[in-house]
Protein chains: 2
Amino acid sequence: MAGVHDEMWEKLNLDLTAHEGLLQVLGKFYGDIYLSQENRLKGMEYMDFVLSEVHGLRIKELQDAKAEGKKIIGTFCVYVPEELVLAANCVQIGLCAGAEVGMESAERLVPRNTCDLIKSFVGFKLSRLCPYLESSDLVVGETTCDGKKKAYEAFATYAPMYVMEIPQTKSEAAKALWRSEVRRFKARLEELTGKAITAEDLARGIDIVNGKRKALQRLSALRAADPAPISGRDSLLINQISFYDDPIRFTTQINALCDELEVRVAAGEGVAPKGTKRVLLSGCPMAVPNWKLPFVVESSGAVIVGEESCIGERNTRDLVPDATGTVDDILDVIADRYMKIDCACFTPNAERPGNILELANRLNADGVIQYTLLFCQPYANEAMRMEPILKDKGIPSLALETGYSMEDIGQLKTRVEAFVETLE
Amino acid sequence: MAGVHDEMWEKLNLDLTAHEGLLQVLGKFYGDIYLSQENRLKGMEYMDFVLSEVHGLRIKELQDAKAEGKKIIGTFCVYVPEELVLAANCVQIGLCAGAEVGMESAERLVPRNTCDLIKSFVGFKLSRLCPYLESSDLVVGETTCDGKKKAYEAFATYAPMYVMEIPQTKSEAAKALWRSEVRRFKARLEELTGKAITAEDLARGIDIVNGKRKALQRLSALRAADPAPISGRDSLLINQISFYDDPIRFTTQINALCDELEVRVAAGEGVAPKGTKRVLLSGCPMAVPNWKLPFVVESSGAVIVGEESCIGERNTRDLVPDATGTVDDILDVIADRYMKIDCACFTPNAERPGNILELANRLNADGVIQYTLLFCQPYANEAMRMEPILKDKGIPSLALETGYSMEDIGQLKTRVEAFVETLE
């Protein structure tokens with residue numbers, strides 16, 4: 001594969017040697033964790049292909065889009081309204097943040113006690129290994145946590161940063177702040193493209209993103225079946241890919257995959273025997289290729305049936321309602337949809353406990369694993385809050401705090417196996 | 001001393017035995033760090049007295065105020081507008097957060113990777129050792145960091161919490177959010193006291209708090225002298241006491257102490273020989289009795305000439321301008337004063353580098369020690385940002401990350417001594 005895209009990667013100023021090494025490791029990792037699975041869906045062939053070309057053909061598409069005058073908007077968070085980005089005829093992509101890359105150099109820019117997701121995106125930049133970042137005309141950060149918001153200040157020296165303020169409560173005044181931030185973002189996009197965003201543009205953007213979310217909701221709903229018709233790893237991968245694939249093509253593929261799933265569910269077939277212990281993963285996002293914990297869980301006799309996470313339900317739960325009227329009217333409807341997200345950045349994050357319980361119930365989960373990235377204070381706190389709530393409802397839970405290193409994988413496996421053992 | 005206040009402490013539901021132990025440790029610690037100093041100001045006798053009665057007479061005063069119908073407002077942050085609290089005829093006090101108390105029980109409520117200041121206030125509550133907290137009718141938190149805002153959610157089970165949303169930028173929309181938060185706080189105080197706050201009430205509150213700030217500004221200005229007329233420990237103590245003493249009495253005392261300082265400065269006298277290396281402490285707040293680092297610095301051949309901290313300059317730099325007009329007009333003027341605070345919770349925190357340089361210059365500091373509480377991501381990030389800025393201006397700096405434990409005191413001393421050695 002290397003060689004074909006070398007010229008493009010060189011133009012993007014990637015470190016070609018290190019990048020070749022990264023792709024090899026990623027390929028090996030993917031082979032071990034994904035391709036080794038039995039009884040996979042035919043629809044996953046598309047995902048395998050997309051993943052194999054994650055730094056290749058998709059990046060080529062971005063360069064082609066740029067050549068046509070489209071702008072590339074890089075993001076790190078489900079709070080960036082893709083509806084606006086699509087309305088502006090731009091391409092939105094999630095940036096590299098899931099691999100243990102350049103961590104040492106990252107620690108020259110952000111404190112040691114920073115979560116690996118943040119260190120990773122800083123490390124990818126300093127190591128020149130993320131072609132998505134290097135393709136971005138604008139990188140949109142947000143104030144969802146101390147670690148990120150302060151890291152962006154340093155990151156702004158290296159990337160064309162733009163930061164959106166996410167409020168910390170859901171009061172009316174906080175919502176007004178967010179509505180104004182959505183307007184400011186629209187203006188920034190218009191400045192970037194030199195073209196005004198119309199109500200029709202917004203309607204098109206809403207339609208595309210809602211379509212993607214509906215397809216992912218359909219996938220989520222099908223996972224309620226026992227036997228589980230798709231592995232947690234594959235579902236996570238699909239949600240991960242939703243952040244950087246072309247949204248229309250992706251939606252078509254996911255709907256086709258859901259058709260296949262429906263047949264499988266009707267036939268009572270699955271990826272694990274009926275009665276396999278069912279686990280809901282809850283907490284911090286898992287960016288590509290952060291597949292460590294899903295792999296540990298699914299090689300410990302359990303199957304993952306849901307991701308209560310930004311790369312998962314938190315991104316897909318809410319659609320933007322049908323909106324008509326002026327651009328301002330529609331912007332408000334979009335803004336309000338994002339204010340429903342139950343991110344731990346809010347205090348209180350009142351909706352989240354109910355959402356977790358509803359999801360665990362709907363997906364017939366036998367237990368919940370609360371996953372926290374080491375040094376992520378918002379989710380670490382909420383994991384402590386959730387424990388008695390889950391216990392009260394008779395749902396066993398296990399709280400795990402870990403980073404991207406593979407050093408603790410044995411220890412994680414021991415704890416997860418013991419947990420799965422207790423599930424009834 | 002114990003015995004006299006036992007009945008009061010028992011009424012406040014303190015753990016009497018543990019509390020007696022705490023006071024003994026505090027007394028010993030104070031003796032070692034404070035009373036051992038030579039050439040102290042006569043004005044410090046008042047501070048010694050206040051500190052010796054920190055859980056005694058001052059708590060008695062709070063009970064007397066409560067008996068008169070006054071409400072006690074506990075706080076953790078310089079963002080809580082004391083002007084409003086005084087306007088409501090309430091008493092504002094800073095809550096216990098500076099000692100290694102109840103840390104293990106705190107870790108059942110907040111994550112291990114939480115800074116000691118937060119663990120301390122949680123620990124004080126769970127150990128029933130803070131008579132200020134137990135006297136509080138309302139505890140006002142704020143969203144200045146992930147650790148605090150999420151800890152308050154758990155803390156609300158144990159204390160009458162009220163949380164103010166501090167925005168994360170200084171945009172116009174963010175300022176509007178803060179102005180609305182100030183109004184909401186006023187309404188909450190009115191609800192608590194059953195009495196409306198008038199423009200005259202606000203004017204009185206502004207007058208008292210400005211008076212306190214002016215006295216502390218006067219103290220800060222006098223520290224520019226060489227030889228340093230007052231130790232950093234004593235100045236820190238004064239700033240610490242400013243958070244819980246009666247503001248009018250305190251202001252009178254500080255002005256008297258400043259009179260004494262002026263005489264000393266005019267006579268060329270000080271607490272250390274002229275030419276002693278001068279250090280500016282910068283970063284996280286040091287709550288009573290967090291005197292570890294000041295003690296280390298001042299027993300390493302240097303004198304501390306300023307605290308660029310919330311318990312220091314960040315609290316006293318800005319006055320509320322004269323305000324006339326309606327209650328709403330005055331509330332806006334108060335709100336806008338607080339939005340000037342250069343807290344690391346803002347992104348970017350644009351004013352802080354200039355403020356640090358101005359302070360280092362004005363106080364003739366030879367070097368800056370950047371103090372970060374372990375796991376405080378906002379200040380840890382800013383310490384990394386400040387380093388090249390200080391270097392660029394030829395100001396040596398040392399970044400230290402530590403908690404409340406005394407375990408690393410030898411290591412800190414080695415690093416500080418080496419740093420002081422390099423100062424010119």
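The values are calculated or read from the model by the stated rules, or taken from the named source; none is laboratory data. Because the structure is predicted, anything quoted here is derived from the model rather than measured. Counting neighbours? That spans all protein chains shown, and the Cβs are built from the backbone with ideal geometry, glycine included. These accessible areas exclude ligands, DNA and RNA; they are computed on the full protein's heavy atoms, side chains included. Shrake-Rupley method; radii C 1.70, N 1.55, O 1.52, S 1.80 Å.
Can you give the helix-only mean residue ellipticity at 222 nm for the protein assembly as shown, where every DSSP H stretch with n ≥ 4 adds -39500 (n - 2.57) and the sum goes over all residues, rounded to the nearest 500 deg cm²/dmol?
Counting only the DSSP helices, I get -15500 deg cm²/dmol.
Residue by residue through A:168-174, how many Cβ atoms from other chains fall within 10 Å of the Cβ on average?
On the way: counts 12, 7, 0, 5, 2, 11, 6.
Partner-chain Cβ atoms within 10 Å, mean over residues of A:168-174: 6.
Let me know the charge dipole size of region A:75-118 about its Cα centre in debye, to the nearest 20, where only the beta-carbon of Lys, Arg (+1) and Asp, Glu (-1) is charged. Provide the component values of the computation, followed by the final result.
Numbers: 2 positive and 6 negative charges, 25 e Å.
Charge dipole, region A:75-118, about its Cα centre: 120 debye, nearest 20.
Run through the other copies and list how far each one's label point is from that of residue A:391, in nm with one decimal, shortest first; the point sits 7 Å from Cα along Cα-Cβ.
Label point to label point, same position, other copies: 4.9 nm.
For the pairs A:212/A:340; A:125/A:149; B:70/B:170; A:119/B:148, note any where the Cα-Cα span goes beyond 27 Å.
B:70/B:170
Ordering B:103, B:164 by accessible area with a probe of 1.4 Å, largest first, what comes out?
Sorted descending by solvent-accessible area, the residues read B:103, B:164.
So how do B:250-259, B:36-45 stack up, highest first, on mean other-Cβ count within 10 Å?
Ranking the peptides B:250-259, B:36-45 by packing returns B:250-259, B:36-45.
What dipole magnitude, in Debye to the nearest 20, does the protein assembly as shown give about its Cα centre under +1 on Lys/Arg Cβ and -1 on Asp/Glu Cβ?
280
With unit charges on the beta carbons (Lys and Arg positive, Asp and Glu negative) and the dipole taken about the Cα centre of the protein assembly as shown, which residue among A:289, B:243, A:101 sits farthest to the positive side?
Value computed over the given set: B:243.
Using a 10 Å cut-off around each Cβ of peptide A:176-187, what is the average number of partner chain Cβ atoms that fall inside?
Partner-chain Cβ atoms within 10 Å, mean over residues of A:176-187: 3.
Between residue B:252 and residue A:351, how high is the FRET efficiency from 1/(1 + (r/R0)^6) when r is the Cβ-Cβ distance and R₀ = 56 Å? Nearest 0.05.
0.65
Quote the charge dipole size of chain B about the Cα centre in Debye, to the nearest 20; the model charges only the Cβ of Lys and Arg (+1) and of Asp and Glu (-1). Numbers along the way, then the final one.
Working: 49 positive and 63 negative charges, 95 e Å.
Using Cβ point charges on Lys, Arg, Asp and Glu, chain B gives about 460 debye.
Apply 1/(1 + (r/R0)^6) to the Cβ-Cβ distance of residue B:70 and residue B:362, taking R0 = 41 Å, and write down the FRET efficiency to the nearest 0.05.
Calculated transfer efficiency: 0.60.
Using 0.36 nm per residue, how much length does the chain from residue A:322 to residue A:193 gain when fully extended, once their Cα-Cα distance is taken away?
Result for the pair: 43.9 nm of gain on full extension.
Using a simple spin-label model with points 7 Å from Cα along the Cα→Cβ vector, what separation in nm is obtained for residue B:424 and residue B:299?
Going by the 7 Å Cα→Cβ label model, 3.1 nm.
Counting residues in region A:7-100 as N, plug N into 2.2 N^0.38 Å and put the Cα Rg over that result. Mind showing how you got there, number by number?
Values: Rg = 15.5 Å, N = 94, 2.2 N^0.38 = 12.4 Å.
It is 1.25.
Ordered shortest first, which distances in nm separate the 7 Å Cα→C-beta label point of residue B:25 from those of the other copies?
For residue B:25, the inter-copy label distances come out at 4.4 nm.
Between residue B:399 and residues 5 or more places away or on another chain, which pairs have amide H atoms under 5 Å apart, with H built 1.01 Å from N, and which residues are they?
B:370
Quick one: 3J(HN,Hα) in Hz for region B:168-178, Karplus 6.51/-1.76/1.60 with θ = phi - 60°, rounded, Gly and Pro as x.
10, 10, 10, 5, 4, 5, 5, 5, 5, 4, 5
Output ³J(HN,Hα) for region A:34-44: one whole-Hz value per residue in order, computed from phi by the Karplus curve 6.51 cos²θ - 1.76 cosθ + 1.60 with θ = phi - 60°, and x for Gly and Pro.
Per-residue couplings from phi come out as 9, 6, 6, 5, 9, 6, 6, 6, 4, x, 6 Hz.
For residue B:305, which sequence-distant residues (separation of 5 or more, or a different chain) have an amide H within less than 5 Å of its own amide H, given hydrogens modelled in the peptide plane?
For residue B:305, whose amide H was placed from the backbone, the distant partners under 5 Å are B:279, B:280, B:281.
Straight distance only, please: which aspartates and glutamates reach the Cα of residue B:11 with their own Cα at less than 19 Å, same-chain residues fewer than 8 apart left out?
Those aspartates and glutamates meeting the cut-off are B:20, B:53, B:61, B:64, B:68, B:134, B:137.
Check residue B:141: other-chain or 5+ apart residues with amide H under 5 Å from its amide H, H built from backbone geometry?
B:162, B:163, B:164
Roughly what would the spin-label model give for residue A:49 and residue A:176, points 7 Å off Cα along C-beta, in nm?
With each label placed 7 Å out from Cα toward Cβ, I get 5.2 nm.
Pop out the ³J(HN,Hα) list for region A:155-160 in order, Karplus 6.51 cos²θ - 1.76 cosθ + 1.60 with θ = phi - 60°, rounded to Hz; leave Gly and Pro as x.
Per residue, the Karplus-derived 3J(HN,Hα) values read 5, 4, 5, 10, 9, x Hz.
Modelling each spin label as a point 7 Å along the Cα-to-Cβ direction, I'd like the residue A:29/residue B:263 distance in nm, to one decimal.
7.0
Which shape class applies to region B:377-424: rounded if a/c is under 1.5, otherwise prolate when a/b exceeds b/c and oblate if not, where a ≥ b ≥ c are the square roots of the Cα gyration tensor eigenvalues? Could the numbers behind the result be given before it?
On the way: a/c = 4.87, a/b = 1.23, b/c = 3.95.
The shape class here is oblate.
First measure r as the distance between the Cβ atoms of residue A:4 and residue A:405, then evaluate 1/(1 + (r/R0)^6) with R0 = 30 Å and state the FRET efficiency to the nearest 0.05.
0.40
Given an 8 Å cut-off on Cα distances and at least 6 residues of separation, report the relative contact order of chain B as a percent. Present the calculation step by step, with values, prior to reporting the outcome.
On the way: 666 pairs, mean separation 74.6, N = 424.
Normalised by residue count, the contact order of chain B is 18 percent.
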